[in-house]
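Accompanying notes for the structure given below.
The values are calculated or read from the model by the stated rules, or taken from the named source; none is laboratory data. Quick caveat: nothing in here was measured; it's all calculated off a predicted structure. Using ideal geometry, Cβ is built from the backbone for each residue, glycine included, and neighbour counts are taken over all protein chains shown. Surface areas here come from the heavy atoms of the whole protein model, side chains and all, with no ligands, DNA or RNA. Shrake-Rupley method; radii C 1.70, N 1.55, O 1.52, S 1.80 Å.
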Amino acid sequence: MKKRIVSLLVCGALAASAVASLTACESGLKLTVWGSAAQQETLKKMVQEFKDSNPDQKYNIKIGIGEEDMAYSNVSKDASAAADVYAYSSDQLIPLLRAGGLAELGGMFLDEVKANNSADSVKSGSLSWGTAEEKVYGYPYASDNGYFLFYDKSDITDEQAGSLESIISVCESKNKTIGWAIDVPWYTAGFFFSFGCSYNVEYDYSANYTETDITINFNSEGGIKASKAIAKLTSSKAFAGKGTDNNIITTGFSTRKMAAAVSGTWNAKRIQNDLGDNYGVCKLPTVTIDGETKQLYSFKGYKLFGVNPHSKNLVEAHRLAAFLSSGAMQKQRFEEHLVGPTNNEVANQNEIKNNPTFAALNAQNAFAVEQTSVPSNFWEPLKSYGLNIIDKLIDETGTNGEKFTYANYLNKMVESITNR
């Protein structure tokens, strides 16, 4: 984004919505910005670039850690005390609005966001209020909030990487592990989508975004097949087990004890450095259940910067969010962290289009469900479900009445999700 984005002219762009921010152009401005732990050093450099771009203004900008998927948890404690600018993932939109934590974009800020970023990324931070014009509540900056398969080519061939059964067979024979966070519901949900399961939530925007209707068919025949697919993976001696986090995955590849893992771009750079010429990456594999072969699906989403409407310097907060999400900053994130850009011009550069990691992400996105706001009680029941399959407390028949059958547990899970 050019310097004109951060020029003093913008101090009047949001005048209608920023009466309380008339001191925004005065010296000694205080702002706080939260970003992910992994990108703190990059964020510090970006904030300094913002300051350098405005030598006529004195800033006091504090930088803190706030993971995108924890934005609602952090902001909802007290929105008035939260950061002026913070990163959030697209599924957090409704909860953050419910907490009063997101300011609407307007004026040149809105124009620039719409002109420079992909339509889907802008939509991920937007809501349409009946027949009214769509309202936008975020500055998109990352398009890679999804997952796919990493593998060690010294163990697994490109052809074998296309099938879960082949991956399991190879890893078992070579005493290697498979990293797949089945106890994290974000990953577990993909198995359901693979077999035709879905969910939908409707809201009453005028009543603080109250959920008015939840439909979910995870307790269907497709849900039972998804359960069998997960059990096929987790019952293998190659399965890395519970608690498979980023550190376990990256360490597993570094030590060559892990041959395959499902993760995202945030781990790509380290895995690629460790594997070198043996770095393999592709869409998720297929799985065969009851004679039916299905491509495994995933979630996909975006990351955005939100502006806190409680900011004492609201216009300046918008200026900072606009700068941090600009094309130049998105290119910098790609170079330092392999973060996928939402900026059209940056995303179209050959360096990014031809990157094998993003080729894998794009291939998987054809088999991914857009991560919009989920039912408020979606994650915990799904997490318990994954843990219980790993612990073999659920199976197809319910051995001796000591276990849940897939069908019975799925009914219980869906009941928990829809009882709000």
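Take the Cα gyration tensor of region 275-314, multiply each eigenvalue by 5, square-root it, and list the three semi-axes largest first, rounded to whole angstrom.
42, 20, 5
For region 22-132, the convex hull drawn through the C-alpha positions has a volume of 141 cubic angstrom per residue. Please report, as a whole percent, how much of the solvent-accessible surface of the chain comes from carbon and sulfur atoms (probe radius 1.4 Å). The C+S portion of the solvent-accessible surface of the chain is 48 percent. A quarter of the convex hull surface defined by the alpha-carbon atoms of region 34-83 gives 3.9 nm² as the mean projection. The C-alpha atoms of region 304-420 occupy a region whose extents along the principal axes are 61, 43, 21 Å, arranged from largest to smallest.
Across region 186-233, Cα-Cα pairs farther apart than 11 Å form 68% of the total. Per residue, the convex hull spanned by the Cα atoms of region 146-265 measures out at 126 cubic angstrom.
Along its first, second and third principal axes, ordered by size, region 307-353 spans 41, 18, 12 Å in Cα coordinates. With a simple spin-label model that places each label point 7 Å from the Cα along the Cα-to-Cβ direction, the separation between residue 245 and residue 48 comes to 2.9 nm. Using R0 = 56 Å, the C-beta based FRET efficiency linking residue 254 and residue 206 works out to 0.60.
Could you tell me what % of all Cα pairs in region 252-359 have separations over 25 Å?
42
Entry note, the chain: relative contact order of 24 percent, from Cα contacts under 8 Å with a spacing of 6+ residues. With the cut-off at 25 Å, tell me which of the pairs 294/331; 257/303; 269/300; 51/300; 269/331; 294/403 have Cα atoms farther apart than that. In this structure, 294/331; 257/303; 51/300; 294/403 exceed 25 Å between Cα atoms.
Return the calculated 222 nm mean residue ellipticity for the chain, to the nearest 500 deg cm²/dmol, obtained by summing -39500 (n - 2.57) across DSSP H runs with n ≥ 4 and dividing by the residue count.
Numbers: 17 runs with 156 residues, N = 420.
Calculated at 222 nm, the ellipticity per residue is -10500 deg cm²/dmol.
Pairwise inverse Cα distances across region 74-181, averaged and inverted, put the Kirkwood hydrodynamic radius at 17.5 Å. Once the cut-off is 17 Å, how many percent of the Cα-Cα pairs in region 378-420 end up in the long-distance tail? Within region 378-420, distances greater than 17 Å cover 27 percent of Cα pairs. Of the trypsin sites (Lys or Arg not before Pro) found in region 75-162, the ones in coil according to DSSP and having at most 11 other Cβ atoms within 10 Å of their Cβ are 77.
Would you mind counting up the charge near residue 92? Only other residues with Cβ under 9 Å from its Cβ, with Lys and Arg at +1 and Asp and Glu at -1.
Values: positive: none; negative: 68, 69, 91.
Neighbour charge sum, excluding residue 92 itself: -3.
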